[in-house]
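Asker: There's a structure below that I have some questions on.
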Amino acid sequence: MSEARATRRSPTVRLFLMGFLALWLIAAAFPFMWTLWGSFKVQSDFFSIQDWRNALWGTRTVIETGAPFTGAGYEGAWIQEGFGGAVFNTLIVTVCVVAISLTFGTLGGYALSRSSYNYTFWILMTALVFRAMPHITLVSGYLLPFFELNIWGYLSTTIIVLVAINQPFTIWMLRSFFMNIPKDLDESAMVDGCTRFQAFRYVIIPVMWPGVITTGLFSFLLAYNDFAVTAMLLSKENQTMVPKIASFLGSTQQEGNVMFAVAAVVSATAPLFVLVLFFQRQIVSGLTAGAVKG
Amino acid sequence: MKHFKIALLTGVATVSLGAAAYADGHGCSVTSGSVRVLGNEFPAIQTIAAKAQECISGDATFTSNLTKDHRDIQVAALTPNPAEYTSAVVANGSIVPLMNDGLIRPLDDLIAKHGADIPKSQLITINGEVMAVAFMANAQHLFYREDILAEAGVEAPTSYEGVLAAAKAIKDKGLMEYPLSGTYKAGWNLGEEFVNMYMGTGAPMFKEGTAEASINNENGIAALNMMKALSEYMNPDFLTYDSNAAAAEWEAGNVAIMNMWGSRAGPVTDNEGSTPEIVAATKFAAAPTLGEGDELATTLWWDGFTISANISDEDAEATFIAMINGINDETANGNADQAVWLSPGYKPSPAAVGVFASASATPYPMVPYGGLLHTALGAELTEFMQGNESAEQALADVEAAYTTAAKEAGFLQ
Amino acid sequence: MKHKTFLSFMLPSAIAMLLFIALPIVSVFTQSLFIEHEKVLITVENCVPLGGCTMETVVDTEAAAKLKAERPLGQFNGFGTYTNRNHLAFDEVSAFWHSSDTLGEFARQLYGLPFYKALSFTLAYTFLVTPLVIILGFCIALAVNALPRMLKGLAIFFSLLPMMVTPLIGSLILFWMIDSRGVLGQTLQVLLNDPDLSLRASPALTWIMLMVYGVWHSAPFAFVVFYAGLQTVPQDTLESAMIDGASRWERVRYVVLPYLMPLVTFIALIQLMDNFRVFEPIVGFSAEASATSLSWIIYNDLRGEFQLFGSAAATSMLTILGVAVLLTPVLIRTWRDFKGARP
């Protein structure tokens, strides 16, 4: 009742807000929808130099395949080029990165939120400087040692690197969530005789999930979308989706292969759709815990 | 230890068998050792890798990593001992860093043993030692539309002045708005266009025997001015056009003349993505000259395979036998359109005429500091091409950027 | 918290960061102080297919290996790499300063130097995109928050799309759409009534295009964080503001915004940092001719046949320095908060 009153809006404002949102949603979704539609066309339609409307009607698609829609892009990506393997690798990488990032991050973030010594501040600052380092430089630096240690090309190496690169952001974000959890909670548990770790285990862990889920979302997106690290550190057979898609393009784009990439991009976004719809409630509630008090 | 000896013996036995098989021209056999290939992802190189893999049987293993990022990882990948890859497929430019660091081995003894019938023309010989075996050649050469040129009433041009005149005629007749195209994308492509054009002047790019660039002269200015004049007849987006974009324009029938990679000749005439009329009217010729000289304004490129230095002799031998099989006549004639092959029995496809017609051009300079100048050209010429800078200023910028980089790399003091 | 407990909690995270970030940074910094050994060049005969034999210059690998074994890092150059023409270009800048009559001419000459060209785009991008992302993200969050519960999930998914589709491919497809013959390019030509309009041809339009892409791509991040914050705005404060007769705008301005201020700081912090390292759209949109960034310079040094590690290292250190300078106000604020929060 009170919520409804406090947030009630007049029809004009509502209309304006909805109009704005509609515009944004079109801007956000249009390129993707266009790609989705175009992924069922041939390359000379989707990338038509003669007339962009060919991508809508499939003029060349009809000439080349006999029907206005073709699944050739999907067939090429999934059957001919074995995109499924890349999907599986991505699954391993994202699950491991999210799990390890969050484990390391919650421990570190909790410690940072509960310590008031000066070094805490400096650790946070150093983490920021770490985050400022361009990834390309880091990756080129890794190459030689990784080859010499014979750990180049494996998924596990890439997972650890992604976890490390993502740590500064993770501990910053989780620290601010932990700052929101009252100190009295774990301190009173310690007064009752718990060790610090027990207090963390039994008092903090049950209430920290909203913050962890939000941070996990960003970790997930980083691992899912990363190109700079995965392209340079994974061997051909261990490629994840994004470098695999990039390899469909290559330096000399062969006729047809470009559509493999387009179809693969659509395929790669589909699980995200399912994920967001499925976790919608959790994401929203996770977000509601908010890192508001910074 | 005993085990090791046996493995070695089998290795030798197979190897001699493989050699015999190669001489017969009926395939090959590698039953031990490991073959690991790093290279670019061109269709031709994919074919070679597949063909090389056919030799593998028994305990031998084969892996390949064909990626466009191969140049970025090759030095790091070949440095450790044992190296990650036993063979790196390279070109004129990319063999240089491997040579600088001594990461590839001379092939003379392997050739004596297993490749006696490889013609000398396929061997990349540096300082008397064979460092690579080339399998394909490439060069940018003239693509032109016979029908459009006939309609405009001009002959196929043989010089860039002729190209300009033809472009003017086509535009004046209203046949096409932007009759020319090229790979002028800022970066490597633009640098390559300048190097090509500069070769047309016949002047060297470096002072004899030193790493000092000498392009800031009347030759450089002539080359730049020609590039600028050509760009007036190109789509205004030309600084974003790589060979993919330029080839797409060609297939769409928007361009009448361009100086384009020979490796694109097959794909643009393969009836995919283009109309039969455009394909039928697409003709190839030697690269144009600059001015009245007879130096073609293009550079010759080769692709070849090398064998790593930091691997066992057994792996080196296995790799050599497999790769030699990968580049034989059968590969070449079975995939004639994928590349201009160098193997002796190759029957050139019609798409290869342009590269062969350009065979008198200068090879792309294999000097160790060439890549640095190329990078500097690609980055510093854009403002001139956009019309914001004079040719002299652009060339001075290139030299300054190059000199700084060459000092960092130890080529200049 | 005791030092020892702190350490044991912090250890996994710290080890990961030390090993994979701190160590590389130290090595990168060291590398940036050195240049490579003087290369001994020799002239030998080279034979290649079709081209025949020519005399070419090569590096004497034996001599190079010997020098490298003696001093693996190369020749010490101090901060020479930082101040040379391809980086801060001290000599050139002072020469331009003395030779140019007007400030405009000086700026134009400065723009001809690769580092300053990249810096100007990087800064313009950072300072335009960051506030726009914050504003747009805030507005989207307000709008989505006003939606009925049913529609929220769908709206959140679609709002997240720009951030989810991998930038590499996203920009490739967008690049085609904004081509003068693509769907967006043609629409713009009709809207602006200019049939020759090409976003790719002019530097100014390329800059705008990259920035619009940047805002589009990063707005979802700000949206997600703000949306989270909006859920926790205390309803009773809002209500009492309403009872006091505050208008809708006043409530947003005086209640919601101050409450979300820490989030603005957080987003600004992350966005300033990310935007300062802008790179992928430049490659994706083939915009190198008109816009380069510091990260792009690093990429240009590291890609291709000859990799200039020292040069890339110097630019990387300058990038870190730049980020540190940008973030100083935020850092000071965090320090005050930190001190204030201490018991």
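The values are calculated or read from the model by the stated rules, or taken from the named source; none is laboratory data. Note that the coordinates shown come from a computational prediction; the quantities given were computed from them, not determined experimentally. Here Cβ is always computed from backbone atoms with ideal geometry, including for glycine, and neighbour counts include all displayed protein chains.
Asker: Is one or more of the residues making up the range A:44-52 assigned to a helix (DSSP H, G or I), within 30 Å of B:W250 (Cα to Cα) and touching a residue at least 60 places away in the same chain (Cβ under 8 Å)?
Answerer: Initially, the range A:44-52 is screened for residues assigned to a helix (DSSP H, G or I), giving A:44-46.
Restricting the remaining residues to those that are within 30 Å of B:W250 (Cα to Cα) gives A:44-46.
In the following step, the residues that additionally are touching a residue at least 60 places away in the same chain (Cβ under 8 Å) were identified as A:46.
Yes: one or more hits.
Asker: Quick test for you: out of C:G284, C:G340, C:G310, pick the one residue that is over 22 Å from B:A186 (Cβ atoms), buried (at least 18 other Cβ atoms within 10 Å of the Cβ) and of a type outside the set (A, V, I, L, M).
Answerer: C:G310
Asker: Do you know which residues across the range B:218-247 are small (G, A, S) and more than 24 Å from C:L205 (Cα to Cα)? Break it down into steps so the answer makes sense when it comes.
Answerer: Kept after step one, since they are small (G, A, S), are these residues of the range B:218-247: B:220, B:222-223, B:229, B:231, B:243, B:245-247.
Listed by number, the residues that qualify are B:G220, B:A222, B:A223, B:A247.
Asker: Among the residues of the range A:185-205, is there at least one that is within 7 Å of another protein chain (Cβ to nearest Cβ) and within 18 Å of C:L18 (Cβ to Cβ)? Spell out how you get there, then give the answer.
Answerer: The initial filter retains those residues of the range A:185-205 that are within 7 Å of another protein chain (Cβ to nearest Cβ), namely A:196.
Now restrict to residues that are within 18 Å of C:L18 (Cβ to Cβ): none.
Among the residues of the range A:185-205, not one is within 7 Å of another protein chain (Cβ to nearest Cβ) and within 18 Å of C:L18 (Cβ to Cβ), which makes the answer no.
Asker: Inspect the range C:275-293 for any residue being over 13 Å from the mean Cα position of the chain (by Cα) and within 9 Å of chain A (Cβ to nearest Cβ) and give the result as yes or no.
Answerer: No, the conditions are met nowhere in the range C:275-293.
Asker: Please identify the pairs in which a residue from the range C:307-333 that is aromatic (F, W, Y) has its Cβ atom under 9 Å from the Cβ atom of a residue that is in a loop (DSSP other than H, G, I, E, B), counting only partners at least 6 apart or on another chain.
Answerer: C:F309/C:E36
Asker: Oh, and also: Can you find a residue that is more than 19 Å from C:V28 (Cα to Cα), more than 25 Å from the chain's Cα centre (by Cα) and at pLDDT 90 or above anywhere in the range A:171-187?
Answerer: For the range A:171-187, residues more than 19 Å from C:V28 (Cα to Cα), more than 25 Å from the chain's Cα centre (by Cα) and at pLDDT 90 or above: absent.
Asker: Which one of these is more than 10 Å from chain A (Cβ to nearest Cβ), more than 29 Å from A:M18 (Cβ to Cβ) and either at pLDDT below 85 or in contact with a Pro (Cβ under 6 Å, 6 or more places away or on another chain) (or both): C:P203, C:P167, C:P195?
Answerer: Working: C:P203 fails: either at pLDDT below 85 or in contact with a Pro (Cβ under 6 Å, 6 or more places away or on another chain) (or both); C:P167 fails: more than 10 Å from chain A (Cβ to nearest Cβ).
After applying the criteria, what remains is C:P195.
Asker: Of all the residues that make up the range A:219-247, how many are touching a strand residue (DSSP E or B) at 6+ places or on another chain (Cβ under 9 Å) and either farther than 25 Å from C:V224 by Cβ or facing chain B (nearest Cβ under 9 Å) (or both)? Spell out how you get there, then give the answer.
Answerer: Pass one, the range A:219-247, residues touching a strand residue (DSSP E or B) at 6+ places or on another chain (Cβ under 9 Å): A:233-238, A:240, A:243, A:247.
If we keep only those that are either farther than 25 Å from C:V224 by Cβ or facing chain B (nearest Cβ under 9 Å) (or both) too, we end up with A:233-238, A:243, A:247.
Number satisfying all stated conditions: 8.
Asker: Here's a follow-up. With respect to the numbered conditions (1) under 22 Å from A:I245 (Cα atoms); (2) within 14 Å of chain B (Cβ to nearest Cβ); (3) in contact with a Lys or Arg (Cβ under 7 Å, 6 or more places away or on another chain), which one is the sole condition not fulfilled by A:W52?
Answerer: (1)
Asker: If a residue must be in a loop (DSSP other than H, G, I, E, B) and either touching a Pro at 6+ places or on another chain (Cβ under 8 Å) or within 7 Å of another protein chain (Cβ to nearest Cβ) (or both), how many such residues does the range C:33-87 contain?
Answerer: As a first pass, look at the range C:33-87 and keep what is in a loop (DSSP other than H, G, I, E, B): C:33, C:36-40, C:49-51, C:60, C:71-74, C:77-79, C:84-87.
Applying the additional criterion that residues be either touching a Pro at 6+ places or on another chain (Cβ under 8 Å) or within 7 Å of another protein chain (Cβ to nearest Cβ) (or both) yields C:36-39, C:49-51, C:84-86.
Looking only at that region, the number is 10.
Asker: Is there any pair linking a residue in the range B:157-173 that is hydrophobic (A, V, I, L, M, F, W, C) to one that is surrounded by fewer than 17 Cβ atoms within 10 Å (Cβ to Cβ), with Cβ under 7 Å and at least six apart or on different chains, and which?
Answerer: Once the first residue is hydrophobic (A, V, I, L, M, F, W, C) and sits in the range B:157-173, its partners that are surrounded by fewer than 17 Cβ atoms within 10 Å (Cβ to Cβ) give B:L164/B:A229; B:A169/B:G153.
Asker: Mind listing just one residue for me: the one in the range B:329-387 that is within 30 Å of B:T210 (Cβ to Cβ) and charged (D, E, K, R) and, of those, surrounded by the most Cβ atoms within 10 Å (Cβ to Cβ)?
Answerer: Initially, the range B:329-387 is screened for residues within 30 Å of B:T210 (Cβ to Cβ), giving B:358-385.
If we keep only those that are charged (D, E, K, R) as well, we get B:380, B:383.
On the way: B:E380: 25, B:E383: 20.
For the range B:329-387, the residue satisfying everything is B:E380.
Asker: To continue, here is another question. Kindly list the number of the only condition in (1) surrounded by fewer than 17 Cβ atoms within 10 Å (Cβ to Cβ); (2) at pLDDT 85 or above that fails for C:T237.
Answerer: (2)
Asker: Now for a different question. Out of everything in the range B:210-243 that is touching a Ser or Thr at 6+ places or on another chain (Cβ under 7 Å) and part of a helix (DSSP H, G or I), what residue ends up being farthest from the other protein chains (Cβ to nearest Cβ)?
Answerer: Looking at the filtered set, the residue picked out is B:A222.
Asker: Which members of the range C:129-143 meet the condition of being in contact with a Phe, Trp or Tyr (Cβ under 6 Å, 6 or more places away or on another chain) and within 7 Å of another protein chain (Cβ to nearest Cβ)? Walk me through how you get there before you give the answer.
Answerer: Kept after step one, since they are in contact with a Phe, Trp or Tyr (Cβ under 6 Å, 6 or more places away or on another chain), are these residues of the range C:129-143: C:137-138, C:140-141, C:143.
Correct list: C:I140, C:A143.
Asker: What about A:F169, is it of a type in the set (F, W, Y) and either buried (at least 21 other Cβ atoms within 10 Å of the Cβ) or over 23 Å from A:I100 (Cβ atoms) (or both)? Steps first, answer last, please.
Answerer: Numbers: of a type in the set (F, W, Y): yes; either buried (at least 21 other Cβ atoms within 10 Å of the Cβ) or over 23 Å from A:I100 (Cβ atoms) (or both): yes.
It is true that A:F169 is of a type in the set (F, W, Y) and either buried (at least 21 other Cβ atoms within 10 Å of the Cβ) or over 23 Å from A:I100 (Cβ atoms) (or both).
Asker: Considering only residues that are within 14 Å of B:M227 (Cα to Cα) and assigned to a loop (DSSP other than H, G, I, E, B), look in the range B:365-388 and name the one that is nearest to the chain's Cα centre (by Cα).
Answerer: If we take residues in the range B:365-388 being within 14 Å of B:M227 (Cα to Cα) and assigned to a loop (DSSP other than H, G, I, E, B), then B:L381 is nearest to the chain's Cα centre (by Cα).
Asker: While we're looking at this one, here's another question. Taking the range B:39-60 only, how many residues are in a strand (DSSP E or B) and facing chain A (nearest Cβ under 10 Å)? First the steps, then the outcome.
Answerer: Within the range B:39-60, the subset in a strand (DSSP E or B) is B:39, B:56.
From what's left, facing chain A (nearest Cβ under 10 Å): none.
Selection size over the range B:39-60: 0.
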